[in-house]
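Here the structure is laid out as structure tokens; the discussion comes afterwards.
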Amino acid sequence: MRDISKRIREFEKLGKKGYTTFDFRPYLDLDVYATIETELAFCISTANSSAKSGLIFQKKIENIDLTNLSNDGLERYLKKSGVRFHRKKAKYIIEAIKKIDKIFLALELNSQSAREFLVKEFKGLGLKEASHFLRNVGRRDLAVIDRHIARWIGFRGKIQKNTYFDLEWLLAKKASKMGYDLATLDLLIWSEATGLVLK
């Protein structure tokens, strides 16, 4: 739980100050300096890909001005990091960075409204990745539902919009019974399943 609490503090710092350094040791020999912009790029990169490849990608762009990075340049960083669908994701990230002011508008809203706004405004952010981004900037009341979390709850079907909200409600009930918030329970489930505390 100590490493999970540390990660939550890193998330909260990113949300409050706009930057933080994530230290993934001892799980990965990696630390990543993150900003709101690179965290958004990271979350877009991880859809249908692995967290590890997304972290490698975020490390590569940590000191790069994304507003001046070409689509081809971003594609290369994504591909070298092992991110799947690098061409499509490069386009999504470029478009998102152009609208970064809308991210800061979203962060002024409550979590549910912020997530709805992000899904509507940003290609590459569905319910899961919008929740992922908001969790990673300090929101603790949204669930990052993927098939692993769904299986932990006991659901093995296809996760669609209505299913997502139902599963989030079930997970929130379980979290409350266990004395956790959703962000903490998500990290705990992942650490139990993989032995890793990433993000």
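A143 meets all of the listed conditions (1) assigned to a helix (DSSP H, G or I); (2) surrounded by 16 or more Cβ atoms within 10 Å (Cβ to Cβ) but one, namely (1).
Restricting attention to the stretch 47-95, the residues that are in contact with a Ser or Thr (Cβ under 6 Å, 6 or more places away or on another chain), touching a residue at least 40 places away in the same chain (Cβ under 8 Å) and of a type in the set (G, A, S) add up to 0.
Conditions (1) more than 26 Å from K6 (Cβ to Cβ); (2) surrounded by fewer than 22 Cβ atoms within 10 Å (Cβ to Cβ); (3) of a type in the set (A, V, I, L, M, F, W, C), marked per residue:
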position	(1), (2), (3)
K88	yes, yes, no
V119	yes, yes, yes
G126	yes, yes, no
E129	no, no, no
R135	no, no, no
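When N63, N68, N110 are checked against the criterion of being within 16 Å of F42 (Cβ to Cβ), of a type in the set (S, T, N, Q), out of contact with any strand residue (DSSP E or B) (no Cβ under 6 Å at 6 or more places or on another chain) and surrounded by fewer than 13 Cβ atoms within 10 Å (Cβ to Cβ), N63 stands alone in meeting it.
A count restricted to the stretch 25-58 and to residues that are in a helix (DSSP H, G or I) and small (G, A, S) stands at 5.
Readers should treat all values here as calculations from the given coordinates under stated rules, not as data from a laboratory. Values in this document were obtained by computation on a predicted structure and should not be read as measured data. Here the Cβ is made from the backbone with ideal geometry for all residues, glycine too, and neighbour counts use every protein chain on show.
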